Amino acid sequence: MPDRFQILSLSGGGVRGLYTARVLEELEHRFDTSVSKHFDIICGTSIGGILALGVAAGLPASFIREKFQENLTSIFPPQPLWRKPKQAISAQYSPEPLKSVLEEIFDDITIGDLKSRVLVPAINYTVGRVRAFKTPHNAMFYQDAQRTLVDVGLATSAAPTYFPLHEIDSSRYVDGGLVANNPVLMGVIEAYRALNVPLENISGLSIGNMGQGLAVNHEKTNNLGYLGWNAGRDIISLAMSAGEKLYYDMARMLLQDRLEIIDSEATKEQADLLTLDNGSLAAAEILLAHASSESGRRVNDASIKSLFTHSAKKVPFVKDQAGDK
């Protein structure tokens, strides 16, 4: 296809991002390449946003996955039952372990240092709007070039009740997964409006992490209160799950058969275990096994192979052409 433009979208999901990271790792191994070389814009939310930043920085997916996996229990330390009520009045986890891991992965790299376009959504709670952090790939997008990947990673993954809000320049940010857990539709609009790419030239790959299709247990009452919603956690999970499916479906309507997805469906027992903050060995094993199995199956599909025949064009960002703005 002439002037083909490819989008990579990575979903949020806390610990479940281990699935996404392993799929990326398997793709890089199978095609002996860096994923960033084949996608013209890389979008990600929450842990997917962190992975998107890492991929755009040219870091091997295996390296990011290993760092994340090694530190699961420090980022999400097991909580004794007597500490569970803490989440009613404050965030359950300190952001410091996650920040330390991000600093180890990214050092002082900024958005402006990246060589691939990125789009990472968060919610600016101070002004009540979705905020997409972007590379300066359009003359309007000059504000984020000096943002560090650590700051952006903390902003997009500040899940309510799990982590505190993250502050950047007096604005307080919340996890983008509440509105765009799969930012693929934002990527399509970005290509079409900001980069003037015709819809018929756009194709893409969405990588999930076993978080879609969350449904109610009919043994529960319809009259759910705060505790019935698992101290608010299930509201967050429902918003992320339903939003992820909605954004994918709408993007697929626009792109028709040019949007692929790699994801796995969890059994009821597995879904109960695969919470956003369960960093246990059992949860990790399930995620890694499903990711290896599904990616191993899909890499032989002609549609996936075709995505890796495309070479993303390396275009200079606005700040490279006109100096820092």
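The values are calculated or read from the model by the stated rules, or taken from the named source; none is laboratory data. Since the model is a prediction, treat every value here as computed from it, not as a measurement. With ideal geometry, Cβ positions are generated from the backbone for all residues, glycine too; neighbour counts draw on all protein chains shown. Quick note on the areas: whole protein, heavy atoms, side chains included, nothing else; ligands and nucleic acids left out. Shrake-Rupley method; radii C 1.70, N 1.55, O 1.52, S 1.80 Å.
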How many residues does segment 283-296 contain that are surrounded by fewer than 17 Cβ atoms within 10 Å (Cβ to Cβ) and either more than 20 Å from GLN212 (Cα to Cα) or acidic (Asp, Glu) (or both)?
2
Only unsatisfied item for GLN69, checking (1) of a type outside the set (A, V, I, L, M); (2) free of Cβ contacts under 8 Å to residues at least 60 places away in the same chain; (3) part of a helix (DSSP H, G or I), is (2)
How about segment 258-272: which of its residues are in a helix (DSSP H, G or I), in contact (Cβ under 8 Å) with a residue 40 or more places away in the chain and either over 23 Å from LEU8 (Cβ atoms) or open to solvent by 90 Å² or more (accessible area, probe 1.4 Å) (or both)?
GLN270, ALA271
Being among the small types (Gly, Ala, Ser) and open to solvent by 10 Å² or more (accessible area, probe 1.4 Å) is the filter here, so list the residues in segment 47-75 that pass it.
ALA57, GLY58, SER62, SER74
Considering segment 147-163 alone, what residues qualify as being open to solvent by 30 Å² or more (accessible area, probe 1.4 Å) and either of a type in the set (A, V, I, L, M, F, W, C) or at pLDDT 95 or above (or both)?
ARG147, THR148, ASP151
Given the structure, is SER34 open to solvent by 40 Å² or more (accessible area, probe 1.4 Å), modelled with pLDDT of 95 or more and either touching a strand residue (DSSP E or B) at 6+ places or on another chain (Cβ under 8 Å) or over 18 Å from GLY177 (Cβ atoms) (or both)?
no
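Please pick out the residue among ILE202, ILE189, ILE207 that is buried (at least 24 other Cβ atoms within 10 Å of the Cβ), more than 24 Å from VAL15 (Cα to Cα) and modelled with pLDDT of 95 or more.
On the way: ILE189 fails: buried (at least 24 other Cβ atoms within 10 Å of the Cβ); ILE207 fails: more than 24 Å from VAL15 (Cα to Cα).
After ruling out the rest, the residue left standing is ILE202.
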Subset tally (residues that are open to solvent by less than 40 Å² (accessible area, probe 1.4 Å) and under 10 Å from VAL150 (Cβ atoms)) for segment 92-114
6
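Of all the residues that make up segment 258-302, how many are among the acidic types (Asp, Glu) and over 19 Å from the mean Cα position of the chain (by Cα)?
Going residue by residue through segment 258-302, those that are among the acidic types (Asp, Glu) are 260, 263, 265, 269, 272, 277, 285, 294, 301.
Checking which are over 19 Å from the mean Cα position of the chain (by Cα) leaves us with 269, 272, 285, 301.
Matching residues across segment 258-302 total 4.
Scan segment 115-130 for residues that are surrounded by fewer than 23 Cβ atoms within 10 Å (Cβ to Cβ) and either over 26 Å from HIS38 (Cβ atoms) or of a type in the set (A, V, I, L, M, F, W, C) (or both) and report the count.
First, the residues of segment 115-130 that are surrounded by fewer than 23 Cβ atoms within 10 Å (Cβ to Cβ): 115, 124-130.
Those still in the list that are either over 26 Å from HIS38 (Cβ atoms) or of a type in the set (A, V, I, L, M, F, W, C) (or both) too: 124-130.
Final tally of qualifying residues: 7.
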Check on TYR125, hydroxyl-bearing (Ser, Thr, Tyr) and at pLDDT below 95
no
Only one of (1) of a type outside the set (Gly, Ala, Ser); (2) within 9 Å of the chain's Cα centre (by Cα); (3) in a helix (DSSP H, G or I) fails for LEU53. Which number is that?
(2)
Open to solvent by less than 10 Å² (accessible area, probe 1.4 Å) and of a type in the set (Val, Ile, Thr): is that true of ILE42 in this structure?
yes
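Can you tell which of TYR173, TYR142 is touching a helix residue (DSSP H, G or I) at 6+ places or on another chain (Cβ under 8 Å) and modelled with pLDDT under 95?
Working: TYR173 fails: modelled with pLDDT under 95.
Step by step, each of TYR173, TYR142 is checked, and only TYR142 is touching a helix residue (DSSP H, G or I) at 6+ places or on another chain (Cβ under 8 Å) and modelled with pLDDT under 95.
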